[in-house]
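Below is one structure, written out as structure tokens, with a few remarks after it.
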Amino acid sequence: MIDNFTGAHSAIYDPSSHKNTDYGINEWIKRGLPASKLVLGLAYHGYAWTLADAKHDGIGAPAKGLAMTRDGSVSYDYIRGHMRSYKVNSLYNSTYVINYCKIGSFWIGFDDVEAIRNKVAYAKEKGLLGYNAWQVPNDHNWELSKAAAQEDNHSHRKPLLAITLCTIASFILLLGCITCYLRKRVISKVKQMIETMMNKGKFSYHKQQVISFADIREATNSFSEENKLGEGGYGPVYKGKLSNGQEVAVKRLSRSSKQGIEEFKNEVTFATKLQHVNLVKLLGFCTEREEKMLIYEYMPNKSLDLYLFDPTRRSMLKWEKWIDIIEGIIQGLLYLQEYSRLTIVHRDLKASNILLDADMKPKISDFGIAKSFESNETEASTERIVGT
């Protein structure tokens, strides 16, 4: 990767010479390899540079060097999060077939939805076998994969598409009926489980723990995009303000999430049994309208990963504060594994699950896949791989 001017490692055109860079594909075809045997690579990451002059921010602009990481490589998911934090949009250059954005003195070149669609169209035009996506886990909310699939689907014949859609629609309708039936049974079991635990005194119960759907909808401004803090494996997280003025974070289970009843049960049971200054406090939950929502105390400084991987935010913290954060995380883990009534193994401890309050004190969150042990247990097995 050339570090003295901006560009993109997967551009269709070279910004330095303005020449088409698909010579690799053309060379294979010239040597007799059929185009139908070739596959175009789609990279779900980009590269970042530090601009030499912030006023010159186009493709091929002079740069001081690569930025953000040692080799300048930045995942698509991280780029989208960075853009959301700084409220910037990506720009598309149809000549070079790449997207880019500028954040302060940083310039990032990458493939966004527009570039992916045009590259898939290019592969079809060349008669290639197809395309191969790299680093698919970096795809933010499957945006790139959906864009590629949509562009690829344009080549299907309409009659075949109509038949396929009808078949799929019938199957989805049947599956939806079955899912609704099972979902109602699951929600009913959740409510019974929670009520049973309350009646048996397995965790302290206060009226404010059960929060109505109407109150949550009002607190989050009807789950508006302006109130959305982010999205994880469980689903979207929204900032809200209850009628008493308290700010909260609402975690709402997504219908497309792979998590579900077990993760919700874990969050409710563990978070209400565990009380420590370095654990996020669960304020309530909601199971109305087949929802499984969790309401936590609001953490204004968001998560630790924003400070670890953002050079600007990272420079804001002195070493003393980093030491305080590390000590707080250790105290939380010691409590979980040594000093609480339960012995808890978190199983998904990562920077994005360490939240920071107004004083930058760390609090461990997300107990959806945590596991408890009896005091005399020294080992356990699992039927599936979990965590990050």
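Laboratory data are not the source of any read-out in this text; all were calculated from the coordinates shown. The structure displayed is predicted, hence computed values, not measured ones. In this analysis, Cβ positions are derived from the backbone assuming ideal geometry, glycine residues included, and neighbour counts consider all displayed protein chains.
For the range 33-118, trypsin sites (Lys or Arg not before Pro) are listed when DSSP marks them as loop and at most 16 other Cβ atoms sit within 10 Å of their Cβ; the list is 55, 70, 87. 3J(HN,Hα) along the range 170-175: 5, 5, 5, 4, 5, 5 Hz, from the Karplus curve 6.51 cos²θ - 1.76 cosθ + 1.60 with θ = phi - 60°, whole Hz, x for Gly and Pro.
When only alpha carbons are used to place a centre, the range 254-331 and the range 50-128 end up 31 Å from one another.
Anything over 19 Å Cα to Cα? Flag those among 102/321; 228/302; 239/302, in the order listed. Check vs 19 Å cut-off fails for 102/321. Taking amide H atoms as placed 1.01 Å from N in the peptide plane, the amide H of residue 229 lies under 5 Å from those of 237, 238, 239, each 5 or more residues away in sequence or on another chain. Amide H to amide H distances under 5 Å link residue 285 with 210, 211, 295, where only residues 5 or more positions off or on other chains count and H is placed in the peptide plane.
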